[in-house]
1. For residues in region 49-89 being farther than 19 Å from residue 30 by Cβ and of a type in the set (Ser, Thr, Tyr), which is nearest to the chain's Cα centre (by Cα)?
2. Please tell me if residue 12 is modelled with pLDDT under 95, closer than 20 Å to residue 92 by Cα and of a type in the set (Phe, Trp, Tyr).
Amino acid sequence: MNKTFDATSTNYINLYNQQFTVESMRKKLQIIHYPRLDTVMMIEDVIRSAKEYPTKAELLRHLPKKVMYQTFNLVLEYLQGSNKIIVTKDGRIVWVFADNEKLKRLLAESKKV
């Protein structure tokens, strides 16, 4: 059957899309405290210098200063959105940004093909 869209179905689609817009706006309005640059850099440094890939809880415990959990999550969302970290299926945080010293050393030692 070939079903065509009428005005009613288009309205439902618009309502559906507006619902997600309203929900995302509510989430943005609930942010109480945005992180300062030194907080973002502190979290980046701890992730980058970790010998093993930490979970969120392990990372939060190993920070040198206390950070509000909401702020901590916001920084992790930013780092993931800017492709500096990835979160594995088992919840481990991996630094993948190209300024990694190990990566630079491997690139320098590798043979070009």
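The values are calculated or read from the model by the stated rules, or taken from the named source; none is laboratory data. Every value quoted in this text rests on a predicted model; they were computed, and no experiment measured them. Because the Cβ atoms are built from the backbone with ideal geometry, glycine has one as well, and the counts that use them run over all protein chains shown.
1. This residue is 82.
2. no
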